[in-house]
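Below: one structure, written as structure tokens.
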Amino acid sequence: MKIDLTDTTSSKINKALVQGRRAIGTPAVGMVLTLVLVTDEENQYDALKAANDASREHPSRKLVVVKRVSRSARDRATARLDAEVRVGADAGTGETVVLRLYGDVMDHAQSVVLPLLLPDAPVVVWWPVNSPVNPAKDSLGKLGQRRVTDTYASENPVEELTARADAYTPGDTDLAWTRITPWRSMVAAALDQVDCEVTSVEVEGEEHNPSCELLAMWLANRLRVPVRRSVSGGPGLTAVRMETTCGPIALDRPDGGLATLSIQGQPDRAVALKRRDTAELIAEELRRLDPDDTYASALRFGVHRLGDPAKPALPPLPTREAGSSEHAPASAVTPASMPVKKAASK
């Protein structure tokens, strides 16, 4: 069911949501979070489709904020809010409100979104494109417990990573980091099978792929060995090769689907490392709403330190105030107690 509202208000949108739920016979609200998507008209369809697919795992109210820039000066001076309310089959699992902001109201998007948030439910803000350099200080970003960006959509991903490191606030995360979760899992599992000292690492992938840089920074930060970034034709990440005192360990994925894990003294094994779509990535991020300290540590290690871990470290991560209810999450893949330069043995 779809309800179109022209030149409306947040109060009328809330009434339309209640009306829509009653019309389809589901007045109870069973959603677990509010997902705010901040995008443009060109990308809103793909972003909303991914959010709808992810809502099968995380029932949510999806608020799509689209800022429409008018062509004429007269139209730009006219503030207006249009909305499209979707419930039932048209909204995936949950509810969807597409908000189109015109004129001066674009500068006050948080005032439009705030009354539409689910009460007593976490808020996640996602920028599929055109994300702010400091999401935590953005007017909409301040509403969220988690703030999801995608460095891959920026013009210069490496510079963007550096800016993100400087502006990092607990709760920030990036889909470029989420893309390498299977790689981090496989590398950690491979190192767990041997009792060797890692001496150097090479990460191979596309030239301007931020996921390659983040994986390289994670390995350099955890192992404290030189990590070299080499360029390939892709797609995405294509290989991680480690030199150890027991011989080379390599994880190669030349086709973006099936990888081969090679460990000295063991037969080669085929590993499923399919490139995941955006719906799978955003669904993974919605599974945890506490700060990702592993991402923060890798990000703040710095691209400029790759290949030379002896360079001065960046400032330490922000500390939480005493008595804070937030807790430090365990590493998603490798425990924080992983010894430097040496993999844990079984």
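The values are calculated or read from the model by the stated rules, or taken from the named source; none is laboratory data. This structure is a prediction, so every number in the text was calculated from the model and none was measured. Positions of Cβ are backbone-derived with ideal geometry, glycine not excepted, and every protein chain shown enters the neighbour counts. Heads up: the accessible areas ignore ligands, DNA and RNA and are worked out on the full protein's heavy atoms, side chains in. Shrake-Rupley method; radii C 1.70, N 1.55, O 1.52, S 1.80 Å.
Structural remarks
- Each residue in segment 1-15 was checked for being part of a strand (DSSP E or B) and open to solvent by 70 Å² or more (accessible area, probe 1.4 Å), and 2 pass.
- Note on segment 235-260: among residues that are open to solvent by 20 Å² or more (accessible area, probe 1.4 Å) and assigned to a loop (DSSP other than H, G, I, E, B), the one that is modelled with the lowest pLDDT is Gly257.
- So Val18, is it under 18 Å from Gly94 (Cβ atoms), assigned to a strand (DSSP E or B) and either of a type outside the set (D, E, K, R) or at pLDDT below 95 (or both): no
- Residues that are hydrophobic (A, V, I, L, M, F, W, C) and either in contact with a strand residue (DSSP E or B) (Cβ under 6 Å, 6 or more places away or on another chain) or more than 24 Å from Pro122 (Cα to Cα) (or both) within segment 18-53 comprise Ala23, Ile24, Met31, Leu33, Leu35, Val36, Leu37, Val38, Ala47, Leu48, Ala51, listed in sequence order.
- Flag for Val231 being of a type in the set (Val, Ile, Thr) and farther than 26 Å from Arg305 by Cβ: no
- Some residue of segment 277-285 being within 18 Å of Thr151 (Cα to Cα), touching a Pro at 6+ places or on another chain (Cβ under 8 Å) and touching a residue at least 12 places away in the same chain (Cβ under 8 Å): yes
- Criterion violated by Leu289 - all others in (1) exposed (fewer than 11 other Cβ atoms within 10 Å of the Cβ); (2) modelled with pLDDT of 85 or more; (3) of a type in the set (A, V, I, L, M, F, W, C); (4) part of a loop (DSSP other than H, G, I, E, B) satisfied: (1)
- Enumeration of residues in segment 36-51 that are assigned to a helix (DSSP H, G or I), over 14 Å from Glu284 (Cα atoms) and either in contact with a helix residue (DSSP H, G or I) (Cβ under 9 Å, 6 or more places away or on another chain) or open to solvent by 20 Å² or more (accessible area, probe 1.4 Å) (or both): Gln44, Tyr45, Asp46, Ala47, Lys49
- Checked against the criterion of being open to solvent by less than 50 Å² (accessible area, probe 1.4 Å) and assigned to a helix (DSSP H, G or I), the candidates Ala163, Ala89, Ala121 yield just one match: Ala163.
- Enumeration of residues in segment 133-160 that are in contact with a Ser or Thr (Cβ under 8 Å, 6 or more places away or on another chain) and in a loop (DSSP other than H, G, I, E, B): Asn134, Asp150, Ser154
- Selected residue (criterion: farthest from Ala165 (Cα to Cα)) from residues of segment 219-228 that are open to solvent by less than 10 Å² (accessible area, probe 1.4 Å) and assigned to a helix (DSSP H, G or I): Leu223
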